[in-house]
Amino acid sequence: PAEAKRIAIHFKSKLSLPSAMWIDNIRITENVTNPLLGYNVYEEGVARVNDATVPAAQTTYSIADTDIHDRQYFITAVYPAGESEPSELTSLITAVDEIGSDGLTVYTTADGLYVTGVTGQVTVYDIQGRIAASVSCDALVRLAPGIYIVRAGNEVRRVMIRK
């Protein structure tokens, strides 16, 4: 990519003797004859999810609500010459079962959220399932606006932070 500052070249020899490789005056260019047009999003075992190719500059894609809670997706890159191999499967949790107990309480604030009501570790996940924060209970967690899942032990809450 144009923003790359370094590259790595790996050399493997089929000989059992020590080998060496010298490289001098290398030039690396991008192949612009096959520009990226966009992406296709697929649900594992179902079909393509998007009606039209997702533009290359777009970094998110919303999927309509369903009753299925745990689904797997993959994407392919679309070029004029065709589609790439699929990406690795990614799990997406679209809903959380059994929400509702009196222990864990989550308050949203302008800066994020405040967690109270349970002891121990509290983990906050973003909508992609990545850990956004991990704190002890009774803590203010500063987060950007968005939808988050808060888990403390067996208790789970889904919250939305707005600015």
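The values are calculated or read from the model by the stated rules, or taken from the named source; none is laboratory data. Bear in mind that the values here come from a model prediction, so they are computed numbers and not experimental data. We place every Cβ from the backbone using ideal geometry, glycine too, and count neighbours over all the protein chains shown.
Could you name every one of the strands (runs of 3 or more DSSP E) located completely within the range 1-95 that has at least 3 residues being in contact with a Leu (Cβ under 8 Å, 6 or more places away or on another chain) and modelled with pLDDT of 80 or more? Talk me through it step by step, then tell me what you get.
Details: elements: 38-43, 70-79, 90-93.
Fully inside the range 1-95 and qualifying: 70-79.
Counting only residues that are surrounded by fewer than 17 Cβ atoms within 10 Å (Cβ to Cβ) and outside any strand (DSSP E or B), which one in the range 104-123 is nearest to the chain's Cα centre (by Cα)?
Result: D111.
What pairs come out if I take residues in the range 136-163 that are in contact (Cβ under 8 Å) with a residue 24 or more places away in the chain and farther than 11 Å from Y107 by Cα and pair them with residues that are acidic (D, E) and not in a strand (DSSP E or B) whose C-beta lies under 6 Å away, six or more apart or interchain?
Pairs that qualify, where the first residue is in contact (Cβ under 8 Å) with a residue 24 or more places away in the chain and farther than 11 Å from Y107 by Cα and the partner is acidic (D, E) and not in a strand (DSSP E or B), are R142/D111.
Restricting to the range 124-134, and then to whatever is surrounded by 14 or more Cβ atoms within 10 Å (Cβ to Cβ) and outside any loop (DSSP other than H, G, I, E, B), can you tell me which residue is nearest to the chain's Cα centre (by Cα)?
Step one: of the range 124-134, the residues surrounded by 14 or more Cβ atoms within 10 Å (Cβ to Cβ) are 124-127, 132-133.
Checking the rest, the ones that are also outside any loop (DSSP other than H, G, I, E, B) come to 124-126, 132-133.
Working: V124: 15, Y125: 11, D126: 9, A132: 12, A133: 15 Å.
Per the stated criteria, the residue is D126.
Going by the structure shown, is T29 surrounded by fewer than 10 Cβ atoms within 10 Å (Cβ to Cβ), without any contact (Cβ under 8 Å) to a residue 60 or more places away in the chain and closer than 27 Å to F74 by Cα? Spell out how you get there, then give the answer.
Values: surrounded by fewer than 10 Cβ atoms within 10 Å (Cβ to Cβ): yes; without any contact (Cβ under 8 Å) to a residue 60 or more places away in the chain: yes; closer than 27 Å to F74 by Cα: no.
No.
Exactly one condition in (1) crowded, with 17+ Cβ neighbours inside 10 Å; (2) at pLDDT 85 or above is false for R142; which is it?
Here R142 meets the rest and fails (1).
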